[in-house]
Amino acid sequence: MTALTLTGCGFATGEESASGGESGSGDCAEVTLRLATIRTDDDPTTIAAQSFADAVDEATDGQVTVQVFPNSQLGDANDLFAGMASGQDVDMFYEGISLYPTLEGASDFAVVSVPFMWDSYEQFKAVLETDRYQELLDQAAEATGVRVVATAGDAEPRALSANRPIRTADEMAGLKLRIADAPMPQAFATALGAEPTVVPFSDLYLALRQGVVDGQENGAITMVNQSLFEVQPYFMPTNYIRDVRSWYVSDQVWGGLCADQQDAIVEEANAAGDVATEEVATQLEEAMTALEGSIEVVEPDVESFRTALEGTFEQFDGELWQEGLLEETRQLAEENR
């Protein structure tokens, strides 16, 4: 545990935590937590992380200090998860819930990245806050040693850009599509007749310019920030995969905090999620304006994609996630629409 214990204070202990997990068993002592992001300083995720750090300091009268390390300073996502699981090097990580299933013991959360599952951030967040998903979060924390204490903060949805306009699902055939190294984008591309190709993000611009791939599936903010509009003449806002930023904490560290400290962290994490959501909305609007002024934005027939993908993701039921969870999640999504 990297937290530095110094002196006790008058916080109450033994109360049930607002996080829904076990109440803190530690004393209310001064503590320093290291919070990592893999995003740049001006990314909504990092902006929210710094807002969280400032708010926690104020809410606890300086008893809990949060140091923010952006830009993968403490390692990539795998490094950060490993550090939290072992209780070393890093205490907290702010990133999408879509990364949780990369940890053994949290594979159920792969289901939330099924294409076209979510209509909005609000719907997705509401499902994550249901009793069923809180149960899954608790189970994953016990299995992985990494606990999600709050799910709050929008992220730009995944879209599509290409060297030709893609208006319907049929026009995906033969498209050499750069995808993330994850099963859902792979299945999405394959089912639509595209040719999925994994290219490191750092090599994406060059791969597009040289024609190694014809298109990619990041969103508008990434298109602008990475100057991909220079090598992609068409952008299609399919919004086919959404994410919710989540506050990951080492379970060892979490159990060492007192209940009042846990409650303060959860409350300020949710408030900082609102900061991220507002910043994403601002940056997304600015990015779309920039794209509309430089390349052609094509409105895709999303229903044609939904129809073409029917039955595609049932193959993962009982494999990537527990059997029946896909239909259960779809029902929860419908109830929270």
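The values are calculated or read from the model by the stated rules, or taken from the named source; none is laboratory data. All values reported here derive from a predicted model rather than from experimental measurement. Every residue, glycine among them, receives a Cβ derived from its backbone with ideal geometry; neighbour counts consider all protein chains shown. Note: accessible area is taken over every heavy atom of the protein model, side chains too, but ligands, DNA and RNA are not part of it. Shrake-Rupley method; radii C 1.70, N 1.55, O 1.52, S 1.80 Å.
Residues in the stretch 189-205 that are in a helix (DSSP H, G or I) and either touching a strand residue (DSSP E or B) at 6+ places or on another chain (Cβ under 7 Å) or surrounded by fewer than 12 Cβ atoms within 10 Å (Cβ to Cβ) (or both): how many? Before the answer, list the steps.
First, pick out the residues of the stretch 189-205 that are in a helix (DSSP H, G or I): 189-191, 201-205.
Next, from what is left, pick out any that are either touching a strand residue (DSSP E or B) at 6+ places or on another chain (Cβ under 7 Å) or surrounded by fewer than 12 Cβ atoms within 10 Å (Cβ to Cβ) (or both): 189-190, 202, 204.
Qualifying residue count for the region: 4.
Take residue 13 and tell me if it is modelled with pLDDT of 95 or more and of a type in the set (Ser, Thr, Tyr).
Numbers: modelled with pLDDT of 95 or more: no; of a type in the set (Ser, Thr, Tyr): yes.
So residue 13 fails the test.
Give just the number: which of (1) surrounded by fewer than 24 Cβ atoms within 10 Å (Cβ to Cβ); (2) out of contact with any Pro (no Cβ under 9 Å at 6 or more places or on another chain) does residue 216 not satisfy?
(1)
Considering (1) modelled with pLDDT under 95; (2) at positive phi, say which one residue 239 fails and leave the rest.
Residue 239 satisfies all of (1) modelled with pLDDT under 95; (2) at positive phi except (1).
Name the single residue that is most open to solvent (accessible area, probe 1.4 Å) among those in the stretch 40-81 being more than 18 Å from the chain's Cα centre (by Cα) and on the phi > 0 side of the Ramachandran plot.
61
For the stretch 253-283, name all the residues that are open to solvent by 50 Å² or more (accessible area, probe 1.4 Å) and among the hydrophobic types (A, V, I, L, M, F, W, C).
Listed by number, the list holds a single entry, 281.
Kindly establish whether residue 277 is touching a helix residue (DSSP H, G or I) at 6+ places or on another chain (Cβ under 8 Å) and within 30 Å of residue 226 (Cα to Cα).
It is true that residue 277 is touching a helix residue (DSSP H, G or I) at 6+ places or on another chain (Cβ under 8 Å) and within 30 Å of residue 226 (Cα to Cα).
Sort out which residues of the stretch 110-166 are under 23 Å from residue 272 (Cα atoms), among the aliphatic types (A, V, I, L, M) and part of a loop (DSSP other than H, G, I, E, B), and write them in order of number.
155
Quick one: in the stretch 302-337, of everything that is open to solvent by 30 Å² or more (accessible area, probe 1.4 Å) and among the polar types (S, T, N, Q), which residue is nearest to residue 104 (Cα to Cα)?
Applying the filter and picking the extreme gives 322.
Of the conditions (1) at pLDDT below 95; (2) buried (at least 16 other Cβ atoms within 10 Å of the Cβ), residue 117 satisfies every one except a single condition; which number is it?
Answer for residue 117: the failing condition is (1).
Suppose we filter the stretch 309-327 for residues that are more than 21 Å from the chain's Cα centre (by Cα) and under 21 Å from residue 120 (Cβ atoms); how many remain?
Summing the residues that are more than 21 Å from the chain's Cα centre (by Cα) and under 21 Å from residue 120 (Cβ atoms) in the stretch 309-327 gives 2.
Across the stretch 156-171, which residue is most open to solvent (accessible area, probe 1.4 Å) among those that are closer than 13 Å to residue 216 by Cβ and under 22 Å from the mean Cα position of the chain (by Cα)?
Filtering the stretch 156-171 for residues that are closer than 13 Å to residue 216 by Cβ and under 22 Å from the mean Cα position of the chain (by Cα), the one most open to solvent (accessible area, probe 1.4 Å) comes out as 158.
Mind checking whether some residue in the stretch 237-245 is under 30 Å from residue 148 (Cβ atoms), of a type outside the set (Gly, Ala, Ser) and open to solvent by 30 Å² or more (accessible area, probe 1.4 Å)? Quick ask: steps written out before the conclusion?
To start, the set of residues in the stretch 237-245 that are under 30 Å from residue 148 (Cβ atoms) comprises 237-245.
Then drop every residue that is not of a type outside the set (Gly, Ala, Ser), which leaves 237-245.
Adding the requirement that they be open to solvent by 30 Å² or more (accessible area, probe 1.4 Å) leaves 239, 242.
Checking the stretch 237-245: at least one residue is under 30 Å from residue 148 (Cβ atoms), of a type outside the set (Gly, Ala, Ser) and open to solvent by 30 Å² or more (accessible area, probe 1.4 Å).
State all residues of the stretch 90-114 that are buried (at least 21 other Cβ atoms within 10 Å of the Cβ) and among the hydroxyl-bearing types (Ser, Thr, Tyr); if no residue qualifies, say none.
Once the filter is applied, which keeps residues that are buried (at least 21 other Cβ atoms within 10 Å of the Cβ) and among the hydroxyl-bearing types (Ser, Thr, Tyr), the stretch 90-114 yields 94, 98, 100, 113.
Would you confirm whether any residue within the stretch 172-182 is over 24 Å from the mean Cα position of the chain (by Cα) and open to solvent by 40 Å² or more (accessible area, probe 1.4 Å)? Full working, then the answer.
First, pick out the residues of the stretch 172-182 that are over 24 Å from the mean Cα position of the chain (by Cα): 172-176.
Imposing the further condition that a residue be open to solvent by 40 Å² or more (accessible area, probe 1.4 Å) reduces the set to 173, 176.
There is at least one residue in the stretch 172-182 that is over 24 Å from the mean Cα position of the chain (by Cα) and open to solvent by 40 Å² or more (accessible area, probe 1.4 Å).
Would you check which residues across the stretch 226-245 are more than 20 Å from residue 189 (Cα to Cα), part of a strand (DSSP E or B) and not hydrophobic (A, V, I, L, M, F, W, C) and list them?
The one that is more than 20 Å from residue 189 (Cα to Cα), part of a strand (DSSP E or B) and not hydrophobic (A, V, I, L, M, F, W, C): 245.
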